[in-house]
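The values are calculated or read from the model by the stated rules, or taken from the named source; none is laboratory data. Just so you know, these numbers come straight off a predicted model, no measurement behind them. Cβ atoms come from the backbone with ideal geometry, glycine included; neighbour counts cover every protein chain shown. Side chains are part of the model used for accessible areas, which takes the heavy atoms of the whole protein and leaves out ligands, DNA and RNA. Shrake-Rupley method; radii C 1.70, N 1.55, O 1.52, S 1.80 Å.
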Amino acid sequence: MTIAAQGTASKTRGSREPRPGPIKRLKRSYQKYWYAYAMIAPVVVVLGVLVGYPLAQGFYLTLTDANSLNSARTIGVNHIDATYEFIGLHNYADILWGPTAYDRFWSHFIWTVIWTAVCVTLHYGVGMGLALLLNQKLRGRTFYRMMLILPWAVPTFVTVFSWRIMLSDSGVVNSFLGALHLPQPQWLEDSTFQQIAAIGVNTWVGVPFMMVSLLGGLQSIPSELYEAAEMDGANAWQRFRNVTLPGLRSVSSTVVLLGIIWTFNQFAIIYLLFGSGAPDAQILVTWAYYLGFGQQPRDYAQSAAYGVLLLSILVVFTAFYRRWLARNEQLAG
């Protein structure tokens, strides 16, 4: 009987239909889930027009020597055709290993990494402190929440212009420092203080989002866990390390990743605070804008190459970050 059963099973396995090809599987999937494809079709079309085509066009420009002098343009009634040429990966090689690679790329890359790391650390640290404070039973807690979220609710250009006025030589900040008989730095002229000012303004803008996200995560942690830890004799730091931080792991990983991506590409604060000046305070995204639109002739190819490099850096970082999180979750589990 065992032999007969094995023979029947092997016959069944042997008579199994071959796996259909990709086209046939796609056709079956469409017949079964046609409504889902119909729902996402408009989104795919919009993303293709607004994201896919510009991305493909930008990548093609990185393989050329396109600038404002050899690109197609119309002057009055005269149309001038494009005369730029295909040069392959020369732009990438020039940016990464050219004779002025450090001044044009690596110095801005190093500053961008420092800027991102310091800003996200301050966002998370200050946001965590405020979230822990607002999670307590305080009188006027709703009012405090409204006031602390204002920097995020106010339009970015209003916030940056306000800080630019306050950081001017005769602004509120230097007037306050002068009243305390402290040095009055040139926040908008000196390269070192320009970087400090940029970090400060970005911290002011970014903390509310981190605070609100972490506050929502804190409120989702069951109070029974804190009560059990307190009954076991855990002090405040032990409760924070063993209950709060593990309970916020999923929220923290998400907001930190978003914070890194947003800060790495934070164009508005640097540009509105310093314009095209302050070369030492320019991060990669603002430097790419300067190459493409802030100089003459405008170097479209190099600017597009910076954009592709920025995208590649973030994609690689995100992949490693997600893999690191998954490995940590497996170890914790």
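When L291 is tested against (1) in a loop (DSSP other than H, G, I, E, B); (2) without any contact (Cβ under 8 Å) to a residue 40 or more places away in the chain; (3) under 30 Å from L96 (Cβ atoms), just one condition goes unmet, and that condition is (1). Scanning segment 167-181 for residues that are in contact (Cβ under 8 Å) with a residue 12 or more places away in the chain, outside any helix (DSSP H, G or I) and either in contact with a Pro (Cβ under 8 Å, 6 or more places away or on another chain) or open to solvent by 40 Å² or more (accessible area, probe 1.4 Å) (or both) returns a single hit, D169. Within segment 182-193, can one find any residue that is in a helix (DSSP H, G or I), modelled with pLDDT of 90 or more and either within 30 Å of T112 (Cβ to Cβ) or in contact with a Phe, Trp or Tyr (Cβ under 8 Å, 6 or more places away or on another chain) (or both)? The answer is yes, given that some residue of segment 182-193 is in a helix (DSSP H, G or I), modelled with pLDDT of 90 or more and either within 30 Å of T112 (Cβ to Cβ) or in contact with a Phe, Trp or Tyr (Cβ under 8 Å, 6 or more places away or on another chain) (or both).
Would you mind stating whether Y144 is of a type in the set (F, W, Y), part of a helix (DSSP H, G or I), closer than 26 Å to V255 by Cα and open to solvent by less than 90 Å² (accessible area, probe 1.4 Å)?
no
Confirm whether W204 is in contact (Cβ under 8 Å) with a residue 12 or more places away in the chain, touching a helix residue (DSSP H, G or I) at 6+ places or on another chain (Cβ under 9 Å) and open to solvent by 80 Å² or more (accessible area, probe 1.4 Å). Yes: the conditions hold for W204.
Output the residues belonging to segment 56-79 that are under 31 Å from the mean Cα position of the chain (by Cα), open to solvent by less than 90 Å² (accessible area, probe 1.4 Å) and either in contact (Cβ under 8 Å) with a residue 12 or more places away in the chain or more than 19 Å from G307 (Cβ to Cβ) (or both).
Taking segment 56-79 first, the residues under 31 Å from the mean Cα position of the chain (by Cα) are 56-68.
Then drop every residue that is not open to solvent by less than 90 Å² (accessible area, probe 1.4 Å), which leaves 56-58, 61-68.
G58, L61, T62, L63, T64, D65, A66, N67, S68, listed by residue number.
Across segment 240-256, the number of residues qualifying as surrounded by 14 or more Cβ atoms within 10 Å (Cβ to Cβ) and part of a helix (DSSP H, G or I) comes to 11.
Consider V255 carefully, then state whether it is farther than 30 Å from I221 by Cβ and among the hydrophobic types (A, V, I, L, M, F, W, C). No.
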